[in-house]
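For reference, the structure discussed in these notes is given below.
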Amino acid sequence: MKIINIIILIGLIVWLFSCNSADNSYQVASPDGKIVVKFEVVQKQAYYSVLKNKNHLILPSKLGLRFQEMKPLGDHVEVISIQEKSFNETWEQVWGERRLIENKYDELTIKLRETNGKGRNFYIIFRAFNDGIGFRYHIPDQGNISEFRITDEFTEFKLPKIGKAWWIPAYKERFYESLYRFTPLNIPDTVCTPLTIEMGDSSFLSIHEANLTDYAAMNLYLSDTSMLTCDLTPWSTGEKVRASTPFESPWRTIIIAENPGDLITSSLMLNLNEPSKIKDTSWIKTGKYIGIWWGMHQNKYTWSQGPKHGATTANAMRYIDFAAENNFDGVLIEGWNYGWDEDWTVNGHLFEFIKPYPDFDIKKISNYAAKKGVKIIGHHETGGASINYENQLEDAFKFYQKYGVNTVKTGYVSDLLDGKEYHSSQYGVRHFRKVIETAASYHIMIDNHEPVIPTGLQRTFPNLMTQEGVRGQEWDAWSTDGGNPPDHTTVIPFTRGLAGPMDFTFGTFDFNNPVLPDTRVRTTIAKQVALYVVIYSPLQMASDLPENYSDNEAFRFIKEVPTDWEDTQVLKGKIGDYIVIARKDRQSDNWYVGAITDERERSIAINLSFLTSDSKYQVQIIADGEQANWDTNPTTFKYYNREVQSIDTLVIHLAPGGGQAMRFIPQ
Ligand code: NOJ
């Protein structure tokens with residue numbers, strides 16, 4: 001990602017050697033002065049607290065690290081010196097929800113020394129932004145500590161009261177594919193981040209992390225009343241992180257918002273990642289795809305060979321034709337290679353990544369795709385056998401590169417990686433990073449399923465396009481609980497979505513489920529279309545079978561909706577009830593708006609002030625039909641045009657489980 005340096009202002013740098021603050025407390029304020037992070041040492045323990053408009057959002061909470069076979073750092077410390085810095089730049093995203101990102105913060109670095117042992121030094125670095133804060137630990141090179149194992153962090157988040165949180169359990173349910181629970185914070189489980197908390201008094205917090213590069217993912221548990229404590233996903237051997245100096249932890253982040261929409265438009269996580277390591281990003285392209293995919297999830301096809309095999313040469317060519325006719329950029333093909341036996345989800349199952357099944361002529365298919373101007377999206381299901389994958393990684397990417405494949409979907413369906421390590425452990429984090437870096441060297445983009453929760457790594461490696469880590473639309477094919485409830489998609493933009501793009505794969509036009517009739521996509525068709533605007537991913541799938549799409553205005557909207565945006569604004573939203581998002585196309589002056597509701601019918605008035613004043617716009621509207629209802633009548637929709645201006649208010653009517661998609665074209 002190119003830094004365009006509109007302004008870079010490195011402010012006053014102060015080193016206070018042998019610092020002597022009377023109460024041992026230091027603070028840094030956000031550029032607008034509203035958010036303040038305070039650091040203090042009380043009885044030799046390091047603490048931080050966070051205030052907004054002078055009110056506590058985080059009460060004094062411990063900081064520090066615990067080690068195997070070494071004393072902790074944090075509970076017997078003194079401040080040696082501090083450093084302050086102001087920073088302000090605007091950088092450009094290769095792709096995203098907004099082209100330009102303001103990165104403006106004030107930083108406070110505290111240098112600490114332990115008082116009861118070897119006198120080891122370490123730093124805690126705080127950044128205060130206008131939309132929240134981040135902090136990280138740094139252990140520099142020094143004589144008394146080199147290689148070490150972290151067993152825990154002290155890191156706490158002590159809230160001033162018991163707010164209400166949207167959460168999913170860590171460890172118990174797989175791959176973050178859960179329905180969010182909304183309960184008071186007295187949560188009995190260890191939970192995943194991002195953890196979104198409503199504190200009342202117009203205050204929303206989201207606790208997560210940024211730049212998870214060679215460390216374990218952070219989970220949280222309630223260690224005391226309204227006190228969340230960091231829990232790092234362990235290695236199978238019990239320790240959490242293996243490291244050596246110089247060492248930097250990921251950033252611990254708290255987005256602080258006055259309304260739920262501001263959680264979504266925060267750039268805090270991206271700003272706390274490193275700029276792009278890929279210099280020439282011209283090969284990285286957003287786009288839309290179809291796939292030999294839904295058919296497998298609905299048992300029409302199989303991944304493995306046999307009479308119902310989906311990835312045959314003839315079927316692949318049929319999908320390529322459909323993609324070319326309808327302007328899709330790519331065709332995902334799953335189940336083309338050896339390894340899809342009955343037991344492919346059993347730990348340790350070995351896939352082969354350069355050996356196509358005999359009925360899949362990859363040369364013929366790739367030539368055909370190239371002739372039609374369509375890209376094949378490759379697939380590497382590993383069954384969680386990451387060592388087997390790493391052993392073949394270079395060859396696997398070389399093979400795809402040879403056939404013109406520039407995007408690969410990876411998959412890790414298995415309780416544990418290599419039969420023993422959590423996906424969110426340092427073991428998993430290292431593996432996922434290696435795949436992204438290796439893919440970049442072959443100019444291959446990645447769509448990572450069953451990932452570790454994202455933390456903004458796409459800023460550093462913009463070939464990491466999208467990830468799953470969410471209960472996506474495939475659950476509507478085979479889940480025995482009926483499928484995703486209508487409110488699910490009104491929750492995830494404010495929870496999992498804060499961690500980055502989601503490969504949710506909407507686009508259902510045929511709501512029948514021949515295998516499990518009581519399980520199905522629980523939306524209206526207009527909501528399916530609106531989701532392309534509401535839920536962001538630089539790669540978006542039209543997931544239904546080609547034969548289920550009819551040449552109507554709803555399908556036309558899917559074909560034409562962009563996947564890369566100049567700007568994003570959340571016009572209205574209540575977590576779990578509804579959301580209305582406006583996005584401006586990066587290639588034109590068109591605006592797109594997506595509105596969705598939960599199971600309740602509702603009317604929402606939106607102000608069109610995001611449009612350029614003094615222009616007239618034609619708005620093309622895909623709305624729920626008169627009697628539309630996710631349960632009884634999902635397929636009815638209306639299409640109509642209107643003329644509007646920025647001073648107008650538009651009332652959107654949403655059916656139960658419904659939605660509305662709009663395109664505003666300047667006249
Ligand atoms: C689970 C993934 O989410 C899905 O998209 C894929 O089709 C299957 N695994 C098989 O790899």
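Residues in region 153-177 that are in a loop (DSSP other than H, G, I, E, B), surrounded by 17 or more Cβ atoms within 10 Å (Cβ to Cβ) and within 16 Å of the ligand (Cβ to nearest atom): GLU177 alone.
Report the residue count in region 520-540 for those that are farther than 15 Å from THR489 by Cβ and within 16 Å of the ligand (Cβ to nearest atom). Lay out the reasoning, then the answer.
Step one: filter region 520-540 for residues farther than 15 Å from THR489 by Cβ, giving 538-539.
Restricting the remaining residues to those that are within 16 Å of the ligand (Cβ to nearest atom) gives 539.
Here the count works out to 1.
Pairing each residue of region 549-573 that is in the same structural domain as GLU102 (by TED's automatic domain parsing) with any residue that is buried (at least 17 other Cβ atoms within 10 Å of the Cβ) and part of a strand (DSSP E or B), provided the two are 6+ apart or on different chains, yields no C-beta distance under 7 Å. Only a single criterion out of (1) of a type outside the set (A, V, I, L, M); (2) within 16 Å of the ligand (Cβ to nearest atom); (3) in contact (Cβ under 8 Å) with a residue 40 or more places away in the chain is not satisfied by TYR301, namely (3). The residue that is farthest from the chain's Cα centre (by Cα), counting only those in region 441-456 that are in contact (Cβ under 8 Å) with a residue 60 or more places away in the chain and more than 16 Å from LEU539 (Cβ to Cβ), is GLU450.
Here is a yes/no grid of residues against (1) among the charged types (D, E, K, R); (2) at pLDDT 95 or above; (3) under 23 Å from ILE168 (Cβ atoms); (4) in contact with a Phe, Trp or Tyr (Cβ under 8 Å, 6 or more places away or on another chain):
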residue: HIS423; (1), (2), (3), (4): no, yes, yes, yes
residue: TYR427; (1), (2), (3), (4): no, yes, yes, yes
residue: ARG430; (1), (2), (3), (4): yes, yes, no, no
residue: LYS434; (1), (2), (3), (4): yes, yes, no, no
residue: ALA440; (1), (2), (3), (4): no, yes, no, yes
residue: HIS443; (1), (2), (3), (4): no, yes, no, yes
residue: GLU450; (1), (2), (3), (4): yes, yes, yes, yes
residue: THR455; (1), (2), (3), (4): no, yes, yes, no
residue: ARG459; (1), (2), (3), (4): yes, yes, no, no
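Outside the structural domain of TYR532 (by TED's automatic domain parsing), farther than 26 Å from TRP235 by Cα and at pLDDT below 95: is that true of GLY117 in this structure? Considered against the rule, which asks whether it is outside the structural domain of TYR532 (by TED's automatic domain parsing), farther than 26 Å from TRP235 by Cα and at pLDDT below 95, GLY117 comes out as yes.
Kindly check whether there is at least one residue in region 582-602 that is out of contact with any strand residue (DSSP E or B) (no Cβ under 9 Å at 6 or more places or on another chain) and either in a loop (DSSP other than H, G, I, E, B) or modelled with pLDDT under 95 (or both). Yes: region 582-602 contains one or more residues that are out of contact with any strand residue (DSSP E or B) (no Cβ under 9 Å at 6 or more places or on another chain) and either in a loop (DSSP other than H, G, I, E, B) or modelled with pLDDT under 95 (or both).
Screening THR213 on (1) under 21 Å from GLN458 (Cα atoms); (2) buried (at least 21 other Cβ atoms within 10 Å of the Cβ) shows it passes everything except condition (2). Within region 296-350, being of a type in the set (A, V, I, L, M, F, W, C) and within 22 Å of ALA554 (Cβ to Cβ) holds for PHE322, ALA323, ALA324, PHE328, VAL331, LEU332. Would you say TRP294 is under 29 Å from the mean Cα position of the chain (by Cα), modelled with pLDDT of 95 or more and within 15 Å of the ligand (Cβ to nearest atom)? So TRP294 fits the description; yes. Please verify whether ARG181 is surrounded by fewer than 21 Cβ atoms within 10 Å (Cβ to Cβ), farther than 19 Å from ILE575 by Cα and modelled with pLDDT of 95 or more, treating the condition exactly as stated. Judged against the criteria, ARG181 is not a match.
This table checks each residue for (1) crowded, with 17+ Cβ neighbours inside 10 Å; (2) within 24 Å of GLU147 (Cα to Cα); (3) under 18 Å from the mean Cα position of the chain (by Cα).
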| position | (1), (2), (3) |
| --- | --- |
| MET199 | yes, no, no |
| LEU205 | yes, no, yes |
| SER249 | yes, yes, no |
| ILE264 | yes, no, yes |
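In region 126-141, what count of residues is obtained for those that are surrounded by 19 or more Cβ atoms within 10 Å (Cβ to Cβ) and not in a loop (DSSP other than H, G, I, E, B)? Quick ask: steps written out before the conclusion?
We begin by selecting, within region 126-141, every residue surrounded by 19 or more Cβ atoms within 10 Å (Cβ to Cβ); these are 126-129, 131-137, 139.
The next check asks that each one be not in a loop (DSSP other than H, G, I, E, B); those that pass are 126-129, 132-137, 139.
Selection size over region 126-141: 11.
Picking from residues in region 387-401 that are more than 23 Å from TYR319 (Cα to Cα) and among the polar types (S, T, N, Q), the one that is farthest from the ligand (Cβ to nearest atom) is ASN391. Filtered by the rule that a residue be among the acidic types (Asp, Glu) and at positive phi, region 399-452 gives ASP418, GLU450.
For VAL79, the conditions (1) touching a Lys or Arg at 6+ places or on another chain (Cβ under 9 Å); (2) part of a strand (DSSP E or B); (3) without any contact (Cβ under 8 Å) to a residue 40 or more places away in the chain; (4) not polar (S, T, N, Q) are fulfilled apart from (3).
Looking only at region 376-386, decide whether some residue is more than 16 Å from the ligand (Cβ to nearest atom) and free of Cβ contacts under 8 Å to residues at least 60 places away in the same chain. No, every residue in region 376-386 fails to be more than 16 Å from the ligand (Cβ to nearest atom) and free of Cβ contacts under 8 Å to residues at least 60 places away in the same chain.
Within region 516-550, the residues that satisfy the criterion of being over 24 Å from the mean Cα position of the chain (by Cα), under 26 Å from ILE320 (Cβ atoms) and not hydrophobic (A, V, I, L, M, F, W, C) are PRO546, GLU547, ASN548, TYR549, SER550.
The values are calculated or read from the model by the stated rules, or taken from the named source; none is laboratory data. A quick note: this is a predicted structure, and the numbers were derived from the prediction, not measured. Neighbour counts run over all protein chains shown; Cβ positions are idealised from the backbone, glycine included.
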